[in-house]
Each structure stands twice: as C-alpha cells, then as structure tokens.
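A short write-up of the structure that comes next.
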Amino acid sequence: MELVTNKTLEKLKYDLVRDGLISFEDIEKAHEIAVSQNVNIGTILIKSNLIEEKVLLKFLENKLHIPYVDLKDYIPDMGCLSYINYSDAQKYKIIPLFKIENVLTVAMADPLDLFAIDKIVEKTGCDIEPVVAAESLVMQKIDEYYNSGGSSGLINIEKTENKFDWQEELHNDVLSDEHIQILIRAILKQAILNDVHEMFFEHTPFGLSVNFREGNEIINTGQIPGVLVVPFLSKLKNLSSMDANVCELPQLGKLIFKVEDIILTASISAFPTINGERISLKIYKPPKTPKEIGFSETQINTIKTACSKPGIVLVCGASLAGKTHIIYSLLNDISSPDKNIMTLESISKYNLENVNQCELNENIGFNIDKAMRFIEFQSPDIIYFEGITTKDALDYFSSLVFKNKILITEFLADNMADLNKKLSYSDFEMFKPLISCIIFVHNQSSLEVLDKSDLEKYII
C-alpha cells in the first residue's frame, strides 16, 4: 500500500524548523513515527503536542498563499455535495464549499495533493479552488453533511417494521436525479429488510430486472421500466465512483449507504453482456469483535495462536455465508501498530486501522501477478488475500509461510466433506500441509474452529 503522507507538510516540514516553530529533532522524530504508523506527519505533530493545529494551519496559509478556512462554524452549500461523492470525499479528505460559475471551492487537509485535485477536476468538470482546513474538521464535516441525507454519495435509509415494496417508488412520474436516488434507496432498503446480501440488475426487453439472492434461490422483485434504465444505471455508477460513460468494459465500484446509525458498504460489479450491462451488488456489514460474532473464548484463543506464528488461516463456508465479514473482524481484532498487516483485495470493504489495505486494479496493471512480485519488499507480517484462481499464485503465497509469514484467505466450501474433496486435488498439495487453523462458517449461528491437531483428524 502507498505510504500515507501529507504532500503539503512533506514539502514544507523543514520550513517549520527554519521559522522556529519546531526543532529539527522533533520533526525527525515525528517523521519516524509517521512512517512506522503509516499516518501523515501532520497528525503526529498535532497529537504529540509539538505544534498547535491553528499555528500549523496559519503557517501553511502564509507559505502557500492559500486561504485558511475554519470549518467549525462553516456551513457548506449543500447543493455542491453532489459534485464529490462520499467515498471520494473521505479518500481525499476534501469537502466542497461553494461554486461560482465553473469554479468549485473545496476545503482540503492537503492542498498540494495534485493527484486528488486532478481526480476531482476529471469527475466534476469544474475548475478547483482549494482552501486549507484542519483535517479533523474536514472529516467531521464530511460525516456531518453527507450523512444528513442530502443529494450526495452516501444514501441514508431508515428501517421500518411495516411491509415495504420498492416498486411503490415507480409510481412517481417525475424523472429527476432525486427520484432516481430515492429509487436506489428503496431497493437497498428492501434488501436490508429482507436480510439480502446480494442482488443483480439484468436487462430484459422491457427494462431492468431487479433480482435478490436469498440462499441459493434468485428472486425477481420487480422491474425498472425502460425509460428509467439509463438514468438509474448512471446514478448508481456515479454513487459508486464508476465511469457512467463506460459500458463495454468490466468495472468495480463501492457504494456506501447508511441504515439508521450503521454505515454499510456494497461492492458493485458491472459486466458487459450481449443484452447490456449486468450489475452485481454485494452488501458487507461492518466488522464486529470475535465475541460479538459468536466465537467462544476457546475458539478466540485458538485463532489468535494461529495468527501468532507462520501458517495459513483458512476461513471457509458457502457463498454469502459471511466469510469476508469474519476476516475483516479478525483483521480488526489482531491489528496493532507493531505489526505490518497487508491485504490484497478487489475492493476494500471497510477502512481498518493499522492495516495496509491494497486494492488490485487491472486497469492500471496492478493485478495479482504484479502484487506477487512486489509485496515482499513491504516486509509484511500478515497477508490477507482474496481467493486465488491460479496454481502459480497459490504456490507463491503458500511459499511465504517458509519466510515466516502468516497468511489469511477464504475458501468456498459448502460443508466439511466438500472442503475435504476440494483440498484433495493436486493443486493444493503444497498449500494443505501449511494450514494452521480453519474457521468454518456453517451459518450465522454455527461457527467451527479447527486447530492443527483437529486438522490431522478431519482433513485428509
């Protein structure tokens, strides 16, 4: 994962010394801590009380000739929130304030982050005018205003005990951006009420079919009429940070929405077919503690022991059993500043503290093969990687155990007999003996944990 930095402060940190605001020894110490904890140096300077935040911000204003704005009592133009979605606002620590003609003024914690500015220019089509603001207040305002239900990248959903049908929103004849977002919200709301974690949108001769996966069955819940298909897909893609103008190539995106007080993440996959794009949406719940999930103290100790020495921790279960949720909860539980935990994922579902999460991106050539060639240079202690599809990749990651690495991955298996059958294939000859622990998710209320001695009894 790329080192977390504040490009503005990295460029000007020694000016702080020259201006007598901080000693050289303190700036060097702060830099070392920032690198070891993978946070930006400004965060360390402020948290360590080496400099007051207001003094630092005024210094940046004078050096950069970029205005400083105190966001504490500032109210952004709510209409501008639609220019930058919630995901990008969080990622780049940026919030839009107001727009005059084609110039969008934004508050940024790092106004010299030209990559972030270029991305926002590309997505908004506006000229960007940055102002400096405190990072803590930028993040606070992002949560406050995007979560308030405005026209933004975060969709708020209120649960109800009453019977609900998303198709009731089709009765609204107004074809507007707001109506489309209400329709998306209604579909997500019904999925949550029905405890559905996967849905599909498929083209038909009459529009867009909305299908929920319930267990092993796919249920058609209704159809979005043809006149709404294009604006619906465009809005869904925009909310998920995908390119709405591309439909001939596969895309991955992430949608963030709020149900009552819980923020949920959905991964969005768009895939071209001869009938039009097929959209798959998978909903992920935020990680809980192992005890909240239902693991016993004995099981928790077994997992922690496996995560303390070289080996492979395998999380197994049927499709949609909750394997990824278990892994995120596990990573969240074992993470600490003195461990280098890295992930290789198609989409990061939630930001985990003290975990270096990496998203594979085929569009720029960062695939599993590239990751294999370079990840060892990062000296990881623990690596989580999603399911591997090639034997070369499987053998490579297995070989890391001999270099004192701990590996965590997931494996699709309906039951123990199915797991035994799959692991008996020759492709897993190197992988299987290195498994130190298996977590089997039979269902939400049945979790099984097998240590090395158990595996010798049950696994062929």
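Key figures for this structure:
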quantity	calculated
Hits in segment 415-444 (condition: farther than 21 Å from Gln299 by Cβ and not in a helix (DSSP H, G or I))	Ser424, Tyr425, Glu429, Met430, Phe431
Helices (runs of 4 or more DSSP H) enclosed by segment 1-65 - at least 1 residues per element that are at pLDDT 80 or above and touching a helix residue (DSSP H, G or I) at 6+ places or on another chain (Cβ under 8 Å)	7-18, 24-37, 53-64
One residue from Ser267, Ser241 being of a type in the set (Ser, Thr, Tyr) and in contact with a Gly (Cβ under 6 Å, 6 or more places away or on another chain)	Ser241
Odd one out for Ala417 among (1) touching a residue at least 24 places away in the same chain (Cβ under 8 Å); (2) among the aliphatic types (A, V, I, L, M); (3) out of contact with any Pro (no Cβ under 9 Å at 6 or more places or on another chain)	(1)
Flag for Glu144 being surrounded by fewer than 21 Cβ atoms within 10 Å (Cβ to Cβ) and either more than 23 Å from the chain's Cα centre (by Cα) or in a strand (DSSP E or B) (or both)	no
Residue match in segment 198-206 (condition: closer than 25 Å to Leu352 by Cα, touching a residue at least 60 places away in the same chain (Cβ under 8 Å) and among the hydrophobic types (A, V, I, L, M, F, W, C))	no
Enumeration of residues in segment 109-125 that are surrounded by fewer than 21 Cβ atoms within 10 Å (Cβ to Cβ) and in contact with an Asp or Glu (Cβ under 9 Å, 6 or more places away or on another chain)	Leu112, Lys119, Val121, Lys123
Set Ile218, Ile224: member being buried (at least 17 other Cβ atoms within 10 Å of the Cβ) and assigned by TED's automatic domain parsing to the domain that holds Ser176	Ile224
Residue, surrounded by the most Cβ atoms within 10 Å (Cβ to Cβ), within segment 291-342, restricted to residues that are under 24 Å from Ser267 (Cα atoms) and small (Gly, Ala, Ser)	Gly317
Residue match in segment 249-268 (condition: over 24 Å from the mean Cα position of the chain (by Cα) and not in a strand (DSSP E or B))	no
Boolean, Leu447 is surrounded by 13 or more Cβ atoms within 10 Å (Cβ to Cβ), outside any strand (DSSP E or B) and of a type in the set (A, V, I, L, M)	no
Members of segment 270-285 found to be assigned to a strand (DSSP E or B) and of a type in the set (Ser, Thr, Tyr), listed by number	Ser280, Tyr284
Within segment 436-460, tally of residues that are within 28 Å of the chain's Cα centre (by Cα) and under 16 Å from Asp418 (Cβ atoms)	8
Near pairs, Cβ below 7 angstrom, 6+ apart or cross-chain, from segment 262-282 (farther than 22 Å from Thr324 by Cα) to any residue that is aliphatic (A, V, I, L, M) and outside any strand (DSSP E or B)	Pro272/Leu249; Glu277/Leu233
First in segment 221-233 and closer than 19 Å to Ser269 by Cα, second anywhere and of a type in the set (Phe, Trp, Tyr) and buried (at least 18 other Cβ atoms within 10 Å of the Cβ), Cβ under 7 Å, 6 or more apart	Ile224/Phe232
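Each row is one residue, and each column tells you yes or no for (1) among the charged types (D, E, K, R); (2) closer than 20 Å to Ser398 by Cβ.
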site: Cys316; (1), (2): no, yes
site: Gly322; (1), (2): no, no
site: Tyr328; (1), (2): no, no
site: Ile334; (1), (2): no, no
site: Pro337; (1), (2): no, no
site: Ile347; (1), (2): no, no
site: Asp369; (1), (2): yes, yes
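The values are calculated or read from the model by the stated rules, or taken from the named source; none is laboratory data. Just so it is clear, the model here is predicted, and its values are computed rather than measured. No Cβ is skipped: glycine too gets one built from the backbone with ideal geometry, and neighbour counts run over all protein chains shown.
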